Amino acid sequence: MKTQFALVFITLFTTVSMFAQQGDAAFVSKKGTPILPETGDYSIGIDATPFFRYFGNFLNGTAGNTAPTFGYTAANPLIISGKKMIDANTAYRGMFRIGFSNDKYNEYVNDDANTTATTTWVTDSKSTTAMNVALGVGLEKRRGKGRLQGIYGAQAMLAFSTLKNKYTYGNTMSTTTPTPTSYDWTMGTSAPAAYRGISAKQGTGIGFAVQGFVGAEYFFAPKFSVSGELLYGFGFVKIGEGAVETEGMNTAGTAIETVTTNTGSESHFGLDTGVSGVLNLNFYF
């Protein structure tokens, strides 16, 4: 992250130097379009970190440098932000992060019912569903008379998350086959299993954060900018009880039973002793 911020600020100040000689005329395009945002303008911003990472890897010759995309997942949600300019120096902010995923993994294991000399296979499957949603609002102030604007303000965010794994097996567990060949998703191997997981659900996560921010925004084209911010604040996260279901022979050896075990909850509260950063590309209209 420090390298990414060094790159963006070097880029910003290098570009500032290139345009410094243009004077006041630099704030209007050749077609007469104002370069800086105006009262009533709206803005959409996206997380620019993948683009600066790609640019940095391109310069240092990193092999297999994958081009940045606008794709996102529950595990790596894209931060999208919006603004409404109340006046030339004040804006309301809105932010959201949305990530939904439904992934399925299949593994082949020996078919226990096969009695022929030819090896046959059945399929064990793992399905993972996850969701991460966050909403935020804030107030932004800015100072500056040129392309480079200082920005500061405060914002608050509320987050919600869920995660669940579900397992299905090709070999049935019964009183006649109490240890069917099953795939162990933790170990990554298949073997006879006296107990095996059916599902694992993480407790619902809820988070809240209040942050102050300070940074800079540079307009390199009419109503088109790149901004870097440093954040500082406190946050609270609580993850409720989860549940793990397993199946196996009961102690009497007379039937297959399903056992549900609750997992503990957890909570975290903290005031950052350091700072984190955000890089955005912003479009005003």
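Summary of values
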{"read-out": "Matching residues, region 225-284, being part of a strand (DSSP E or B), polar (S, T, N, Q), out of contact with any Leu (no Cβ under 6 Å at 6 or more places or on another chain) and modelled with pLDDT under 85", "value": "N280"}
{"read-out": "Close pairs from region 172-190: first crowded, with 16+ Cβ neighbours inside 10 Å and modelled with pLDDT under 95, partner part of a strand (DSSP E or B) and not hydroxyl-bearing (S, T, Y), Cβ under 9 Å, at least 6 apart", "value": "W185/E107; W185/D124; W185/K126; W185/N165; W185/G197"}
{"read-out": "Every residue from region 123-147 that is over 29 Å from the mean Cα position of the chain (by Cα), modelled with pLDDT under 95 and of a type outside the set (G, A, S)", "value": "R143, K145, R147"}
{"read-out": "Selection count where residues are exposed (fewer than 15 other Cβ atoms within 10 Å of the Cβ), over 32 Å from the mean Cα position of the chain (by Cα) and either in a strand (DSSP E or B) or not polar (S, T, N, Q) (or both), scope region 89-116", "value": "1"}
{"read-out": "Those residues of region 174-206 which are within 18 Å of V244 (Cα to Cα) and assigned to a loop (DSSP other than H, G, I, E, B), in sequence order", "value": "W185, T186, M187, A193, A194"}
{"read-out": "Residue check, F219 modelled with pLDDT under 95, in contact with a Lys or Arg (Cβ under 6 Å, 6 or more places away or on another chain) and either within 30 Å of I151 (Cα to Cα) or not hydroxyl-bearing (S, T, Y) (or both)", "value": "yes"}
{"read-out": "Residue identified as hydroxyl-bearing (S, T, Y), within 18 Å of the chain's Cα centre (by Cα) and surrounded by 15 or more Cβ atoms within 10 Å (Cβ to Cβ) among T246, T204", "value": "T204"}
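Per-residue answers, yes or no, for (1) under 30 Å from D41 (Cβ atoms); (2) modelled with pLDDT of 95 or more:
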| position | (1), (2) |
| --- | --- |
| T66 | no, no |
| T69 | yes, no |
| A74 | no, no |
| N89 | yes, no |
| V109 | no, yes |
| A113 | no, no |
| T116 | no, no |
| W121 | no, yes |
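The values are calculated or read from the model by the stated rules, or taken from the named source; none is laboratory data. Just so we're clear, the structure is a prediction, and the values are computed from it rather than from any experiment. Reconstructed Cβ throughout: ideal geometry from the backbone, glycine too, with neighbour counts over all protein chains shown.
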